[in-house]
Amino acid sequence: MDEQSFPKSYNPSEYEPKIAHQWEERGFFKPENGRNTSGKKFSIPMPPPNVTGRLHIGHALTAAIEDILTRFHRLRGDETVWVPGTDHAGIATQAVVERMLLKQGKRRHEMGKEAFLKEVWKWKEEHGSTISNQHRRLGASCDWSRERFTLDEPYQKAVQAAFLHLKRKKRIFRGEYMVNWCPKDRTALSDDEVEYKKTTSKFYYLKYGPVVIATARPETKFLDKTIVVHPKDPRYKKLIGKTFKVPWLNGTVNARVIADTASSMETGTGAMTLTPAHSFVDFELAQKYDLPVVQIIDERGLLTKHAGEFAGQKAHAAREAIVEKLAKLGLVEKIDESYEHNLSVCYRCGTPIEPLVSKQWFVDLPALVKDTDIIRAIEKDEIRFIPARFKKVALHWLKNIRPWCISRQLWWGHPIPGDKSGDVLDTWFSSSLWPFAIVGWPNHSSDYEKFYPMSVLETGYDILFFWVLRMLVMGKVLTGQFPFNTVYLHGLVRDREGRKMSKSLGNVVDPLEVIERFGTDALRLSLVAGTAPGADMRYSETKLVGYRNFANKIWNISRFLHQSITAHDLAHAPHSSHHLPKEFAPYIKEYNELLAKVTRNLEEYRFSSAAEQLYEFIWHTFADKVLEDSKPYLKDNGHSQATQEAVSIFLLMSWKELLILLHPFMPFVTEAVYDRLRALFNAKPDEFLIIETWPTKQEVHNHLLR
């Protein structure tokens, strides 16, 4: 064989784009075009990335794991579909387009809603394909003909059907309720859209009639008139039920003392006053005791008229002036300068959250949890979490769940049916329908009948509450079935120091830049090997170099076979009278053990173990031992032609099957060398590794030993 037909080195960028194009062009990603010989089906949804921006290294991990599963099941002959798509992303997309327009001197409110939305759709059309093309570079073998967007027309119909169904069942309601409010984006947020930042600030101890109260937010206290103490607190037992005249910010108020276990004897002074419009706990107590709920801070973060001379000022900025007034009134006992606590901030923009009462739409999640019996299903392992520790985490969230605020004061998103204020639905509401909406629900299409429920849901553990559990609940309520029964959760990819990657730290890794340096296969294997499910990992260039070398090793093994072996008819190998030397028997046994382990590990979602076993066997058994033991038989040094042919057939069959086993992990280099060895493998021009058959126990090799 001439060297020109098999270059000395493997250059990923030379092969990967071409191979990806061939796979897609020939329709290999479509379930209709698979071998489909097993009688089984496998379906998996891609967690839809936001249509904004570019993929990050966490998306690369998601794509790698889901593609491993997809290619494995396709090779096994299962009717396999991986459905891709993108999310319209609500606040995130609106903010991106607003910033872009501001640079052009255009403001959203000045443009008007219709003109602004035209600009958003225009932006989406220009940038929407970016994510899909990046996934293609990662080797994602999704069926792109089934690609979905959470604001496309069929999806809008699914969202409307879901909303109206839940409303008819009285599981969606509208009312005045305490919400998390972002003053910057001027929209409500769900509990899961609030992040917490450790911070140090002042803690104020204020004299309030017969007690001292402690607060971090004196700017909310203008209308406090109720003192709450624990019923068993000996310090305040004599005060319970009494009324007092209390000098306060805007004059004397009539305050009364009530007893409730919501007040902790260990926190602060053990006495607290209620601010019903700006605290979830206080709001619930106000409902319980029929107390008035009056807003002190508005949706813009400004103090209302009830703040007297401070009305119209930014609440946080006015804090020190308010404390100064309290001090002049002799109402400040002391100030703790080093109060450590978790500050609630908007998960999108980082603005401190303002809890306030607002008229919003809510999903009655506590009722839906009961309707679906999801707690029992998880407790009985009818829904399985990998790793298992997330079972406890999921149950805790479900048992302590509150109504879910689903209305957002935005322009970009799904309009709320029948809502006159023009609000849109929380993007997590629409994405909670993803696994059944993408296969045709509410219509019972052929895809819905064939692929729903889905086989598995794979995603990061950080969106267990945002997305996974809501999908389970919504799926059972709307379709009568849980949308999946297995949940695989991977961890976060952190930087070398173990820090979370963020633009502010400047440590974000672009997977496409990594691919340019090391190749897609090396990136994929570096993210999967040595990583346990649900465990965070550190980005490592050392691993990338190691797996780039492994890709080169695969290339060099293939090149050696290409140069050392003449073509043999593998199709007739089972009937060959050739006898393989007995010294190869241990390798056949070891290979069959490897095949069983890799297959079982992939079936049981142990991707790292399967990858490491393949790496070890290919490098240290096949390359270091089998090939070395074969070399004397491949040369003209006295061995019979029959023995030489038996060794050649053994090597080719072994290598072909090893390439198939490795293909889900390293699809590009395995396909590239399969193509170079096409003649030796007896493969036809239209045959590709991606649609080969997953091996079973190697009876053919055993036959060669007889």
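The values are calculated or read from the model by the stated rules, or taken from the named source; none is laboratory data. This one's a predicted model, so the numbers in the text were calculated from it and none came from an experiment. Virtual Cβ from ideal backbone geometry, glycine too; neighbours counted across all protein chains shown.
Per-residue answers, yes or no, for (1) over 27 Å from residue 401 (Cα atoms); (2) out of contact with any helix residue (DSSP H, G or I) (no Cβ under 9 Å at 6 or more places or on another chain):
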position: 424; (1), (2): no, no
position: 433; (1), (2): no, no
position: 463; (1), (2): no, no
position: 505; (1), (2): yes, yes
position: 510; (1), (2): yes, no
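Go through (1) more than 30 Å from residue 47 (Cβ to Cβ); (2) buried (at least 18 other Cβ atoms within 10 Å of the Cβ); (3) at pLDDT below 95 one by one and return the number of the condition residue 564 breaks.
(2)
Tally up the residues in region 167-216 that are assigned to a strand (DSSP E or B) and under 30 Å from residue 470 (Cβ atoms), please.
Quick first cut of region 167-216, residues assigned to a strand (DSSP E or B) only: 172-182, 187-189, 194-208, 211-215.
Add one more test, that the residue is under 30 Å from residue 470 (Cβ atoms), and what stays is 172-182, 187-189, 194-199.
Summing the residues that are assigned to a strand (DSSP E or B) and under 30 Å from residue 470 (Cβ atoms) in region 167-216 gives 20.
Across region 79-96, what is the total count of residues that are at pLDDT 95 or above and either within 11 Å of residue 44 (Cβ to Cβ) or surrounded by fewer than 22 Cβ atoms within 10 Å (Cβ to Cβ) (or both)?
Number of matching residues: 6.
Considering only region 105-130, how many residues are more than 25 Å from residue 415 (Cα to Cα) and hydrophobic (A, V, I, L, M, F, W, C)? Before the answer, list the steps.
Filtering region 105-130 for residues more than 25 Å from residue 415 (Cα to Cα) gives 105, 130.
From what's left, hydrophobic (A, V, I, L, M, F, W, C): none.
Total satisfying the criteria: 0.
Take region 387-424 and flag every residue that is aliphatic (A, V, I, L, M) and assigned to a loop (DSSP other than H, G, I, E, B).
Within region 387-424, the subset aliphatic (A, V, I, L, M) is 388, 393-395, 398, 401, 406, 410, 416, 424.
Selection gives 388, 401, 406, 410, 416.
Within the group 334, 325, 305, 370, which residue is closer than 27 Å to residue 247 by Cα and without any contact (Cβ under 8 Å) to a residue 60 or more places away in the chain?
Result: 305 is the single residue among 334, 325, 305, 370 that is closer than 27 Å to residue 247 by Cα and without any contact (Cβ under 8 Å) to a residue 60 or more places away in the chain.
Take region 498-532 and flag every residue that is in a loop (DSSP other than H, G, I, E, B) and touching a residue at least 24 places away in the same chain (Cβ under 8 Å).
Matches in region 498-532: 498, 501, 508, 509, 510, 519, 529, 530, 531, 532.
Is there a residue in region 41-53 that is outside any loop (DSSP other than H, G, I, E, B) and without any contact (Cβ under 8 Å) to a residue 12 or more places away in the chain? Talk me through it step by step, then tell me what you get.
Going residue by residue through region 41-53, those that are outside any loop (DSSP other than H, G, I, E, B) are 41-45, 50.
Now restrict to residues that are without any contact (Cβ under 8 Å) to a residue 12 or more places away in the chain: none.
No, region 41-53 contains no residue that is outside any loop (DSSP other than H, G, I, E, B) and without any contact (Cβ under 8 Å) to a residue 12 or more places away in the chain.
Report yes if some residue within region 636-644 is farther than 21 Å from residue 697 by Cα, crowded, with 18+ Cβ neighbours inside 10 Å, without any contact (Cβ under 8 Å) to a residue 60 or more places away in the chain and not hydroxyl-bearing (Ser, Thr, Tyr); otherwise report no.
yes
All but one of (1) in a helix (DSSP H, G or I); (2) loosely packed, with under 15 Cβ neighbours inside 10 Å; (3) out of contact with any Phe, Trp or Tyr (no Cβ under 9 Å at 6 or more places or on another chain) hold for residue 156; which doesn't?
(2)
Could you check region 1-43 and list, in sequence order, the residues that are farther than 30 Å from residue 447 by Cα, under 31 Å from the mean Cα position of the chain (by Cα) and surrounded by 15 or more Cβ atoms within 10 Å (Cβ to Cβ)?
Once the filter is applied, which keeps residues that are farther than 30 Å from residue 447 by Cα, under 31 Å from the mean Cα position of the chain (by Cα) and surrounded by 15 or more Cβ atoms within 10 Å (Cβ to Cβ), region 1-43 yields 12, 15, 16.
Within region 446-453, is there a residue that is part of a loop (DSSP other than H, G, I, E, B), of a type in the set (Ser, Thr, Tyr) and touching a helix residue (DSSP H, G or I) at 6+ places or on another chain (Cβ under 7 Å)?
Going through region 446-453, the residues part of a loop (DSSP other than H, G, I, E, B) turn out to be 452-453.
Within this subset, residues satisfying the condition of being of a type in the set (Ser, Thr, Tyr) are 452.
Okay, now just the ones that are also touching a helix residue (DSSP H, G or I) at 6+ places or on another chain (Cβ under 7 Å), so 452.
There is at least one residue in region 446-453 that is part of a loop (DSSP other than H, G, I, E, B), of a type in the set (Ser, Thr, Tyr) and touching a helix residue (DSSP H, G or I) at 6+ places or on another chain (Cβ under 7 Å).
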